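Working notes, structure below.
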Amino acid sequence: MRSPRLTTRGQSFLAAGLTISLVGMVLGFPDITRIGALLAVLPVLALVAGWRRTPQISVRRTVSPTLLRPGQSADVHLDIRNTGTTTTVLQLAEEHLDPALGRPPRLLLPDMRPGEHHQASYRVRGATRGGYRVGPLSLRQEDPFGLTTSRLELHATADVVVLPRVEELDPAVLRRLGVAGEGVLPHSVGTQGEDDASTRSYCEGDDLRRIHWPATAHRGELMVRQEERHARRRAVLVLDPRPAAHRGSGEDSSFEWAVSALASAAVHLHRLGFSLVLASAGTAAQGLASEPLPVQAVLRHLALARPDDGDLAGVLRAARHARAGMAVAAVADGLGENLPRLVGVRPTGGVGLLLLLDTATFTSATVPGRRTQEAATRARAAGWHCHVTRHGESVHRAWAEVTRGERVRS
């Protein structure tokens, strides 16, 4: 609790009292001097009393829900309890709140006897993607004459996360690529891990024509070719963290567009049965950039993502170790030496969707730059489906465009 301090009224009383006392002593009027002394003593007594009546109050705060879509509201409930041994006085309570969630609510907290509690609630609205802290609650109390005021902060807080903007994407574009529906994914032979094994033990009912005789002779048991993997799909999402590469500000920035695009892709692919891996500066720092995550965890990481000085090469390196059958990347132009690393993220025999952001258009209306077009051409030549995205283009349209052109196989 902050030390009690004099209000404007208390300061006026003190100044007036001292002045009147001085005038009374100079002019020789004892009664006026006594009146001045009384006026000066009142604020001092109020300060002393304020020190002695420090309240013992606790607050319990619940927020429902804690994950918000843009424009969605959440209810905040406060349970304020007097944990002291004396009755509290009337106090003004104000909640600390980020302006992005709305105006800070204020309420009058009535007198509470020991053990008594008071409940209050208000609503917050998630307008802008990000993580926000609700609280602490500040209590302000004054003496009955309004001469002093003191402030108490109840440090309990709660967190609210506003998720990125998600657009509905057309599933037909993935059907054109042969990676949607209940079908199978081609098996790619790898060098490590059981998921990349090209053979497996024979199971009753397997087609005898699929028996792999060399492996059978080597293992001493019947082995069959595993040419298909059923429904075990994994997609890696790549977010470019470079603050120097992105342009624009606020929700109109290229970074916000990239976050929204990957969030939309995450929800869409999750509905199609994909497991998701997010390669970003945040997940790389936590060692999660190569691990499958639930869709809500992916959205939460994207909600908290900020342009970071982290190395894009590290993000791309983690994405290459994700062992996914599909890659979706939202990357700013100006890749330079990172372009070969990005090209290598696309899994062999898998699908790569590259949304290459022409960042110059996020600050001024220009045609795509030469370097942007060259990077797109190189990505297509390496087998990526690439679309150069400009400011003002919807994620839905970009998702359709990125699969429209045929990739050029190297």
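Net charge of the neighbourhood of residue 132, taken over other residues with C-beta under 10 Å away and scored Lys/Arg +1, Asp/Glu -1, is -1. Phi-derived couplings, Karplus 6.51 cos²θ - 1.76 cosθ + 1.60 at θ = phi - 60°, listed residue by residue for the range 156-167: 5, 9, 9, 10, 10, 10, 9, 6, x, 5, 10, 10 Hz, with x used for Gly and Pro.
Given R₀ = 60 Å, FRET efficiency for residue 56-residue 337 by Cβ-Cβ distance, to 0.05? Computed FRET efficiency for residue 56 and residue 337: 0.45.
For the pair the range 293-308 / the range 86-115, the C-alpha centres are spaced 33 Å from each other. 3J(HN,Hα) along the range 129-146: 3, x, x, 10, 10, 9, x, x, 8, 9, 10, 10, 10, 10, 6, x, 8, x Hz, from the Karplus curve 6.51 cos²θ - 1.76 cosθ + 1.60 with θ = phi - 60°, whole Hz, x for Gly and Pro. The amide H of residue 68, built 1.01 Å from its N in the peptide plane, has 161, 162, 163 as neighbours under 5 Å, considering only residues 5 or more places off or on other chains. List every DSSP H helix in the chain whose Cα atoms extend 27 Å or more along the helix's own long axis and whose mean Kyte-Doolittle hydropathy is at least 1.0. In the chain, the long hydrophobic H runs are 8-27, 30-52. With a cut-off of 11 Å on the backbone N, the residues of the range 53-78 near the modelled label site 7 Å out from residue 117 along Cα-Cβ are 58-62, 78.
Other residues within the sphere of radius under 12 Å centred on the Cβ of residue 370, judged by their own Cβ, net out at -2 (K and R +1, D and E -1).
Distance between the modelled labels on residue 75 and residue 272, one decimal in nanometres: 3.8 nm (7 Å Cα→Cβ projection).
Comparing 295, 388, 26 in a Gaussian network model of the chain where C-alpha atoms under 10 Å apart are linked, the largest mean-square fluctuation is found at 26. Close amide H pairs (under 5 Å, H built 1.01 Å from N) link residue 352 with 327, 385, residues at least 5 positions away or on another chain.
Per atom type, the range 117-176 shows carbon and sulfur on 46% of its accessible surface, probed at 1.4 Å. Note on residue 145 and residue 377: the extension gain reaches 75.8 nm, defined as 0.36 nm multiplied by sequence separation minus the Cα-Cα distance.
The mean accessible area for residues of the chain, using a 1.4 Å probe and ignoring ligands and nucleic acids, is 53 Å² per residue. For residue 275, the residues whose modelled amide H falls within less than 5 Å of its own, excluding neighbours fewer than 5 places apart on the same chain, are 233, 234, 235.
Over the range 216-339, Cα pairs under 8 Å with separation of 6+ residues give a relative contact order of 37 percent.
As a calculated quantity, the FRET efficiency between residue 29 and residue 157 at R0 = 60 Å, using C-beta atoms, amounts to about 0.60. Across the range 23-182, the relative contact order, built from alpha-carbon pairs under 8 Å that are at least six residues apart, equals 23 percent. Positive contributions from Lys and Arg (+1) and negative ones from Asp and Glu (-1), summed over other residues with Cβ under 15 Å from the Cβ of residue 251, come out at +1. A Cα-only calculation for the chain places Rg and Dmax at 32.6, 122 Å. For the range 72-83, backbone phi angles converted through the Karplus equation (6.51, -1.76, 1.60; θ = phi - 60°) give residue-by-residue couplings of 7, 10, 10, 9, 10, 10, 10, 10, 9, 10, 7, 9 Hz, Gly and Pro being listed as x.
Once the Cα-Cα distance is subtracted from the 0.36 nm per residue extended length, the residue 201 to residue 225 segment shows a gain of 7.7 nm. Computed extension length for residue 44-residue 8: 11.6 nm, one decimal, from 0.36 nm per residue of separation with the Cα-Cα distance subtracted. For residue 363, the accessible surface of its heavy atoms amounts to roughly 90 Å² (probe 1.4 Å, protein chains only, rounded to the nearest 10).
Taking packing as the residue-averaged number of other Cβ atoms within 10 angstrom, the listed peptides 208-221, 323-336 run from highest to lowest as 323-336, 208-221.
The values are calculated or read from the model by the stated rules, or taken from the named source; none is laboratory data. As the structure is a prediction and not an experimental result, all values here were calculated from the model. Methodologically, a virtual Cβ is constructed for each residue, glycine included, from the backbone with ideal geometry; neighbour enumeration extends over all protein chains shown. Please note that ligands, DNA and RNA were not included when accessible areas were found on the heavy atoms of the full protein model with its side chains. Shrake-Rupley method; radii C 1.70, N 1.55, O 1.52, S 1.80 Å.
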